Amino acid sequence: MAPPAPTTAPRETDLLWGGLTSAGAHAGRPAGEVYAHPGYPGWIYMSVDLTGAGTSYTGKVSCLLVRRDGGTVPAGSFSLRGGRGSWGAPIPDVDRSTLVGARLTASDGRVLATSHFATGAET
């Protein structure tokens, strides 16, 4: 008889997830979600709603993946309208064990929201 199938995916294929929280004057309020699958092929999806944090930012934003050592990896840019938007794209081949979160920044470099990643096994 074969052993039972594992109930979770192998660690290296776990999805990374993080709830975005607002930064700035209304820090810590829910601001969306980030899903990332590092490796090859890697991808990221971000859903943003800053309106609950009192931010109606309209313009270009950038998503940065944050490494354990504090360094960042640019993942891409997209536009928000009235504080809302969503985006998905392929990401560079990144060692998942080094990633701890994501950061959403305005075109002037101001941090709009941050996220700490949990793996699929932790959610």
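Under 5 Å between amide hydrogens, which residues at least 5 positions from Gly32 or on another chain qualify, with H placed 1.01 Å from N in the peptide plane? Distant-sequence amide H within range of Gly32: Leu20, Asp49.
Give the residue from Gly54, Gly28, Pro38 lying farthest towards the positive end of the charge dipole for segment 15-84; charges sit on Cβ (+1 for Lys and Arg, -1 for Asp and Glu) and the dipole is referred to the Cα centre. So the residue we want is Gly54.
FYI, it's all coordinate maths here, none of it is from the lab. In this text the structure is predicted, and so the values were computed from the model without any measurement. Here the Cβ is made from the backbone with ideal geometry for all residues, glycine too, and neighbour counts use every protein chain on show.
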